[in-house]
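The values are calculated or read from the model by the stated rules, or taken from the named source; none is laboratory data. As the structure is a computational prediction, the values presented were derived from the model and not from experiment. Quick reminder, even Gly has a Cβ in these numbers, built from the backbone with ideal geometry, and neighbours come from all protein chains shown.
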Amino acid sequence: MTEPHVAPWPDGVARHVLDRVDSTNAEAFRLAPSLAGPAWIMARRQEAGRGRRGRAWTDPPGNFAATFLLRPDGGPADAARLSFVAALAVHEALTALCGPQLNLSLKWPNDVLLNGGKLSGILLESSGSGSMLTWLAIGIGINLETAPDPGSVEQGALRPVSLKGETGLSVTPDEVLDALAPAFEHWWWQMRTYGFAPIRTAWLARAARLGQTIIARTGRTEMTGRFDGIDETGALILTTSRGRQAIPAAEIHFSGA
């Protein structure tokens, strides 16, 4: 493994490392009233982790489970675009720790893939009401040591993978947090300063299956088409037999996966 090149911990960002929690997102909201600013909350063991749509997220010892809690600027749509910031930060942190040869890519809207399998998932949850968000919790899970049993994931989902299983490399959760916090700060600063455009460009440069046929499922509706990128809101652009469609939310499946 190459010598890591990790930036310093960002100023003004708190760090809480706990031995055991139910969910780092839940713990973040419990800590929120006592926090003066943004904070990372990491658990060495997360016992009731959650994925998207209420799915369970398995966290054996040695895997990474953490939440970044912040007071978001703007409304829910602006907050949702921070999932792209988080995905870029995971990509950057793992590349810094393991080297550029790591075969990482990003799956819309917020999964990080290694060798085509799912390595990391990101879950955003907020407190507040309507357009007034008080706190935003960005939960990040990374399979560092072990991956879930393929039989435990839903049919059609990408195979789960771990960093060690795919590469033989061992990275600790503390090392990931040290690299992830400054990486997130870098991309968050880019968005605060220049808007979503540079985030969109960077994300597309790392996108999985760009220009290829994918399947988008929204409820009972299924659309198949060419993945032609994301628009300025972060919505998926799918070119189908009915023309270009902008899809703000969907479950994405890869043809032939």
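Worth a mention:
- Counted residues, region 2-45 - those being among the hydrophobic types (A, V, I, L, M, F, W, C), assigned to a loop (DSSP other than H, G, I, E, B) and within 28 Å of LEU169 (Cα to Cα): 3
- When SER170, SER255, SER162, SER241 are screened for being surrounded by fewer than 17 Cβ atoms within 10 Å (Cβ to Cβ), polar (S, T, N, Q) and either under 25 Å from ALA66 (Cα atoms) or under 19 Å from the mean Cα position of the chain (by Cα) (or both), only SER170 passes.
Conditions tested, residue by residue: (1) at pLDDT 95 or above; (2) in a strand (DSSP E or B); (3) touching an Asp or Glu at 6+ places or on another chain (Cβ under 7 Å).
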residue	(1), (2), (3)
PRO198	yes, no, no
GLY225	yes, yes, no
GLY229	yes, yes, no
GLU232	yes, no, no
GLN245	no, yes, no
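- Residue check, LEU94 outside any helix (DSSP H, G or I), modelled with pLDDT of 95 or more and out of contact with any Ser or Thr (no Cβ under 6 Å at 6 or more places or on another chain): no
- Under the condition of being of a type in the set (Ser, Thr, Tyr) and in contact with a Phe, Trp or Tyr (Cβ under 8 Å, 6 or more places away or on another chain), the residues counted in region 192-229 number 1.
- Residues in region 231-250 include at least one that is within 24 Å of VAL153 (Cα to Cα), touching a residue at least 12 places away in the same chain (Cβ under 8 Å) and in contact with a Lys or Arg (Cβ under 9 Å, 6 or more places away or on another chain).
- Looking only at region 94-121, residues that are more than 19 Å from VAL171 (Cα to Cα) and of a type in the set (A, V, I, L, M) come to 1 in all.
- Residues that are part of a strand (DSSP E or B) and small (Gly, Ala, Ser), drawn from region 234-243: GLY243
- Selection count where residues are touching a strand residue (DSSP E or B) at 6+ places or on another chain (Cβ under 7 Å) and either assigned to a loop (DSSP other than H, G, I, E, B) or modelled with pLDDT under 95 (or both), scope region 163-190: 0
- None of THR146, THR193, THR134 is in contact (Cβ under 8 Å) with a residue 40 or more places away in the chain, surrounded by fewer than 19 Cβ atoms within 10 Å (Cβ to Cβ) and not in a strand (DSSP E or B) except THR146.
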